[in-house]
Amino acid sequence: MGVTRFLDLPGHHSLFYYLLLAVLTGVFLQALGIGGLFFFKRSGEKRANLCYGLLLIAFSLTLLHYILLMTGLPERFPHLYFLPVYFSLSFPPLLFYHIKLNLYPAYQFRWSDGKHLVLPAGQFLFFLGVFLSPIAYKSHVERAFFNPFYGASETALYLLTFFAYLYFGYRYILEKKHHLRTSRDVQLVRYLSKLVQVLFVLFCVHTGFVLTDFISYELMNINLRAVKPYAAFGILSFAALVLWLSIYGFQVLVWGRKVLK
């Protein structure tokens with residue numbers, strides 16, 4: 001995934017730019033706050049709550065990554081290059097385990113579950129390593145085609161794993177539908193189904209922007225990120241994912257606690 005600044009000269013931005021920046025900042029703060037509240041949620045499965053809190057925080061920090069790039073702050077303050085707030089490969093497993101642990105709270109983690117941490121941990125360590133490197137070095141590090149943590153390969157992994165984990169999570173929901181025993185199970189399946197279905201639609205839209213950008217740049221040598229409206233809608237497609245996860249999380253915190261105990 002990628003985004004560029006809309007204008008090169010600070011102080012010469014349009015009203016639309018500042019409105020967009022305000023919206024993105026609001027979505028970031030909302031997701032960060034609601035994600036933090038999930039760490040203190042007493043009802044429901046504790047590990048599932050932890051996964052959703054981490055999911056919201058990971059999404060919000062990744063949105064912060066895009067906000068920083070959009071404003072050009074890393075270029076003005078080089079020490080911000082590769083600030084370790086980019087967690088695209090953490091989204092799929094966190095979402096998956098939130099669903100799985102909610103549906104099957106008796107599940108116990110096994111050593112084999114560790115494989116789901118490989119890509120998220122690798123991405124974080126990559127960003128942390130570059131961030132702690134001298135400015136003279138990290139200011140020349142860019143997105144690379146074959147980099148599995150930040151580049152074209154990372155984008156492919158991000159899209160493929162998100163759809164895959166979303167699919168397997170939905171399969172767990174469908175399986176649970178055939179074994180509903182209590183009113184809580186019915187409400188839980190309804191909540192999680194809504195989460196996944198809306199997320200699928202929004203992620204398809206987001207994927208369309210990502211793939212169009214990649215194909216136009218790699219095959220036609222057209223940089224759509226330099227087109228301001230396209231870049232704006234591209235980052236808004238990601239912000240829509242963050243906003244929906246925040247809205248869902250708020251619903252669970254306020255109304256869901258009455259049925260998802």
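The values are calculated or read from the model by the stated rules, or taken from the named source; none is laboratory data. Model, not experiment: these values are computed from the prediction. Methodologically, a virtual Cβ is constructed for each residue, glycine included, from the backbone with ideal geometry; neighbour enumeration extends over all protein chains shown.
From Phe109, Phe87, grab the single residue that is more than 22 Å from Tyr17 (Cα to Cα) and in contact with a helix residue (DSSP H, G or I) (Cβ under 7 Å, 6 or more places away or on another chain).
Values: Phe109 fails: in contact with a helix residue (DSSP H, G or I) (Cβ under 7 Å, 6 or more places away or on another chain).
On inspection, the qualifying residue turns out to be Phe87.
Mind checking whether some residue in the stretch 14-26 is touching a residue at least 40 places away in the same chain (Cβ under 8 Å) and assigned to a loop (DSSP other than H, G, I, E, B)?
Filtering the stretch 14-26 for residues touching a residue at least 40 places away in the same chain (Cβ under 8 Å) gives 16, 20-21, 23-25.
Now drop any that are not assigned to a loop (DSSP other than H, G, I, E, B), which leaves none.
No, the stretch 14-26 contains no residue that is touching a residue at least 40 places away in the same chain (Cβ under 8 Å) and assigned to a loop (DSSP other than H, G, I, E, B).
Within the stretch 134-174, count every residue that is touching a residue at least 24 places away in the same chain (Cβ under 8 Å) and over 30 Å from Leu211 (Cα atoms). Before you say what the answer is, go through the steps one by one.
Within the stretch 134-174, the first condition is being touching a residue at least 24 places away in the same chain (Cβ under 8 Å), and the residues that meet it are 135, 138-139, 141, 143, 148-150, 152, 154-155, 157-159, 161-166, 168-170, 172-173.
From what's left, over 30 Å from Leu211 (Cα atoms): 135.
Final tally of qualifying residues: 1.
Could you give every pair whose Cβ atoms fall below 6 Å, whose first residue belongs to the stretch 90-104 and is free of Cβ contacts under 8 Å to residues at least 60 places away in the same chain, and whose second residue is outside any helix (DSSP H, G or I), counting only separations of at least 6 or pairs across chains?
Here the result reads Leu101/Glu45, each pair linking the stretch 90-104 to a residue that is outside any helix (DSSP H, G or I).
Just checking, does the stretch 6-16 include any residue being within 27 Å of Trp255 (Cβ to Cβ) and at pLDDT below 90? Spell out how you get there, then give the answer.
The first filter runs over the stretch 6-16 and keeps only residues within 27 Å of Trp255 (Cβ to Cβ), leaving none.
Scanning the stretch 6-16 turns up no residue that is within 27 Å of Trp255 (Cβ to Cβ) and at pLDDT below 90.
Any idea which of (1) free of Cβ contacts under 8 Å to residues at least 60 places away in the same chain; (2) surrounded by 15 or more Cβ atoms within 10 Å (Cβ to Cβ); (3) farther than 25 Å from Val254 by Cα is the one Gly72 doesn't satisfy?
With (1) free of Cβ contacts under 8 Å to residues at least 60 places away in the same chain; (2) surrounded by 15 or more Cβ atoms within 10 Å (Cβ to Cβ); (3) farther than 25 Å from Val254 by Cα applied to Gly72, the lone miss is (1).
If you go through the stretch 57-79 one residue at a time, do you hit one that is more than 30 Å from Leu174 (Cα to Cα) and assigned to a loop (DSSP other than H, G, I, E, B)? Spell out how you get there, then give the answer.
First, pick out the residues of the stretch 57-79 that are more than 30 Å from Leu174 (Cα to Cα): 61-79.
Then drop every residue that is not assigned to a loop (DSSP other than H, G, I, E, B), which leaves 72, 77.
Scanning the stretch 57-79 turns up at least one residue that is more than 30 Å from Leu174 (Cα to Cα) and assigned to a loop (DSSP other than H, G, I, E, B).
Okay, residues lined up against (1) among the aromatic types (Phe, Trp, Tyr); (2) modelled with pLDDT of 95 or more; (3) surrounded by 14 or more Cβ atoms within 10 Å (Cβ to Cβ); (4) outside any loop (DSSP other than H, G, I, E, B):
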residue: Val85; (1), (2), (3), (4): no, yes, yes, no
residue: Phe91; (1), (2), (3), (4): yes, yes, yes, yes
residue: Tyr97; (1), (2), (3), (4): yes, yes, yes, yes
residue: Lys100; (1), (2), (3), (4): no, yes, yes, yes
residue: Ala121; (1), (2), (3), (4): no, yes, no, yes
residue: Ala136; (1), (2), (3), (4): no, no, no, yes
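Six or more apart or on different chains, Cβ atoms under 6 Å: show the pairs whose first residue is in the stretch 197-208 and surrounded by 14 or more Cβ atoms within 10 Å (Cβ to Cβ) and whose second is of a type in the set (Phe, Trp, Tyr) and in a helix (DSSP H, G or I).
Val198/Trp244; Leu202/Trp244; His206/Phe238
Only one of (1) under 22 Å from Leu83 (Cβ atoms); (2) not in a helix (DSSP H, G or I) is not met by His179, so which one is it?
Every condition holds for His179 apart from (1).
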